[in-house]
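The structure under discussion appears below in the form of structure tokens.
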Amino acid sequence: MHVGVMLDPTSTMMLFMVSLVATLIQIYSTGYMEDDPQYSVFFSYLSLFAASMLGLVISSNLLQMFVMWELVGLCSFLLIGFYTFKISAREAAKKAFMTTRIGDFGMLLGLLFLQIVFGTLDLTELTQRVPAYEQFGISLGLLTLIAILVFIGPIGKSGQFPLHVWLPDAMEGPTPVSALIHAATMVVAGVYLVGRTLFLFAEVPGAMEVVAFTGAFTALFAATIAITQREIKRILAYSTVSQLGYMMLALGVGSLSASMFHLWTHAFFKALMFLGAGSVLHALHHKADVWDMGGLIKKMPITGWTFVVGGLAIAGIPPFAGFWSKDEILAVTMQYATHGHILGYLLFFMAAFTAFLTAFYMWRMIFLAFFGKEKPENHPHESPWNMAFPLIVLAVLSTVGGLIGTPWANYWGEWIHFGQPHHGEPAIGLMLLSVFLGVAGIGLAYIFYYKDEEKQRVKQLAERYQTLYRISYNKYYVDELYQWFTRSVVDAGAGCCTGLTSTWWMALWTAWPELPGLPARVSVTCRQGNCRPMPWCSSWPYWLSRWCWPLAIPLRPVSWEVVNR
């Protein structure tokens, strides 16, 4: 296995997009982080973050990609928890790191199986060997298992349900970090990986359906949460989860072109909106509740009007970039349904309803923050040029960035595709439906949050449907469920394991002579090393090593097989 570089239309597109967006975010950061005492540390982390993502997208084999994948995760941990003086930032960083490790463990198992079965992790060779999987003596069931294990990694990294819980909390980091994570690096890495390994999923119809339904459900699930959130960055975070679900849906119905197209347009308008939110927080001294804002567009015209452009793009209003990519996803989903996949109609309905909700909650945020009555206690001011310039560039890209993928001159589809490029007739009816959904969502937000200055309708609905409102506002209590599971099940299981007898392991160690001395060496290291100031640290690594090394014994044949391939 060799470390190499893969340059094709997909990786070239990602190189351009990541480099451009990361550069604009770094320019913006020179103003946003100007007074931060850890200015140089921040930029070193940010540069490493972008470099890790660039290394990931040009990787020629899955092992090389996995190394960069983990480096991206490490950088996200450092940047989310950058404000170390904030307990919430430290907890969010730990939450992101631990949640994505769950997905990475499943992905690593999938890569091990791929290496054992096919003898390589090189992407070019796998594209030739996987379609001939029967010649390698494996069943469709095992191939399905491998595909699902590989997909668990993107579920965690791209914030798909049920491993989405870390992504909204990632906003605890500086706003430029949120923009880079949500637009161009970490979260799109999962979508890119599924796109890169689509040849594997294409051989397993069941795995494709899992990808499609995971994406569609995540998109709708996150949208129903975003409609009740109050913090500007949290609303944007749930919109990212929802839009990533759109991308996964497109991959699940077999359209690499539509998924990568939406990834492309989403990078521009989501970076624009996060940086715009950063300008608002910078001007209001980090006041984040949109209900405490209002009339900001008068005092912050560049930030306000560029934010409006981003809102039109994500709502799917032509000719802005989001319209073309979202319409493409709706079109391929409908095509999937009409080609014998009855459940495809459910996918289409979920995607269409999500489009309506997206327009509604994004413009709810815009009307509350930038229009309406000004709050006298606020004293906003426009951002300096090094923060305003990236907003203008991203607004232009959010306007014209989708024109390369129009149905009449689909250069994008000719350039990036899986299998043969698609040459379908433009679905005018679907385009009109897409526009209608966007306009309807904006119109409903206008009625509730702009025309009704006292917000009486909203208050009445919230009181009438208190239970539904509370469930949505509290994010369906998924975080609370995980906390209960951790306390009740994991801690109890740890206690049971601690009480188990070690007789069997001791007998096993006598048959494997090199193991008994290992815990002692670990213990000596901890007594003499950095753990010495903490008394309990001198004993727990000893016992941890006694328990963990026997657990690795069943994996010895697997690792031996992988190494000797």
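What follows is calculated from the coordinates using simple rules that are stated; it is not laboratory data. All of these numbers come straight from a predicted model, not from anything done at the bench. Don't worry about glycine lacking a Cβ; one is built from the backbone with ideal geometry, like all the others, and counts go over all protein chains shown.
Which order do F213, F274, F118 fall in if you start with the one that has the fewest other Cβ atoms within 10 Å? Could you put the intermediate results ahead of the total?
Numbers: F213 17, F274 29, F118 21.
Listed from fewest to most nearby Cβ atoms, that is F213, F118, F274.
Over region 1-203, calculate the relative contact order: mean separation of alpha carbon pairs under 8 Å at least 6 apart, over the residue count, as a percent. The partial results should precede the final answer.
Values: 263 pairs, mean separation 52.2, N = 203.
The normalised contact order for region 1-203 reaches 26 percent.
Pull up the cross-link candidates among the aspartates and glutamates for K95, meaning alpha carbon to alpha carbon under 16 Å and not fewer than 8 places away within one chain.
Qualifying aspartates and glutamates at Cα under 16 Å: E70, D104, D169, E172, D479, E480.
Go ahead and run the numbers for FRET between R230 and Q135, Cβ-Cβ distance against an R0 of 60 Å, rounding to 0.05. Could you put the intermediate results ahead of the total?
Values: r = 57 Å, r/R0 = 0.95.
Efficiency, from the Cβ-Cβ distance: 0.60.
How large are Rg and Dmax for region 22-93 when calculated on the C-alpha trace, in angstrom?
13.7, 42
Roughly how large, in nm² to one decimal, is the mean projection of the convex hull of the alpha-carbon atoms in region 84-141?
Result: 5.5 nm².
Given all pairs of different Cα atoms, what value in angstroms does the Kirkwood hydrodynamic radius of region 1-203 take? Don't jump to the answer; show the numbers that get you there.
Values: mean 1/r = 0.0570 Å⁻¹.
Taking every pair of different Cα atoms in region 1-203, averaging 1/r and inverting gives 17.5 Å.
Could you tell me which of the pairs K94/K298; K455/K475; K299/K475 are separated by over 31 angstrom between their Cα atoms in the structure shown?
On the way: K94/K298 39 Å; K455/K475 23 Å; K299/K475 33 Å.
Pairs exceeding 31 Å: K94/K298; K299/K475.
When E454, E209 are ordered from fewest to most other Cβ atoms inside 10 Å of their Cβ, what list results?
Working: E454 8, E209 17.
Lowest to highest Cβ neighbour count: E454, E209.
Taking R0 as 41 Å, what's the FRET efficiency between F436 and W484 from their Cβ-Cβ distance, rounded to 0.05? Write out the running numbers ahead of the final one.
On the way: r = 42 Å, r/R0 = 1.03.
E between F436 and W484, to the nearest 0.05, is 0.45.
Sequence neighbours fewer than 8 away in the same chain don't count; with that in mind, list the lysines whose C-alpha is under 24 Å from K326.
K157, K233, K270
What FRET efficiency, computed as 1/(1 + (r/R0)^6) with R0 = 22 Å and r the Cβ-Cβ distance, is obtained for E374 and R457, rounded to the nearest 0.05? Display every interim value, and only then the final one.
Working: r = 22 Å, r/R0 = 0.99.
It comes out at approximately 0.50.
Taking every eigenvalue of the Cα gyration tensor of region 146-248, multiplying by 5 and rooting it, what semi-axes result, largest first, whole Å? Let's see the in-between values first.
Working: eigenvalues 125, 42, 17 Å².
Those come to 25, 15, 9 Å.
With N denoting the number of residues in region 46-125, provide Rg(C-alpha) divided by 2.2 N^0.38 Å, to two decimal places.
Against the empirical 2.2 N^0.38 Å value, I get 1.28 for region 46-125.
Suppose each label sits 7 Å from its Cα in the direction of the beta carbon; what would the Y345-L48 distance come out to in nanometres?
5.3
If the chain between T338 and T12 were fully stretched, how many nm would it gain, using 0.36 nm times the residue separation less the Cα-Cα distance? Don't skip to the answer; put the middle values down first.
Numbers: separation 326, 0.36 × 326 = 117.36 nm, distance 3.28 nm.
Length difference between fully extended and current span is 114.1 nm.
Once you put a point 7 Å from the Cα of R101 and another 7 Å from the Cα of Y465, both along the Cβ direction, what distance in nm separates them?
Each label point lies 7 Å from its Cα, and together they span 4.0 nm.
For each of F436, F268, count neighbouring Cβ atoms within 10 Å of the residue's Cβ, then give the residues from fewest to most.
Numbers: F436 14, F268 31.
Neighbour counts put them in this order, fewest first: F436, F268.
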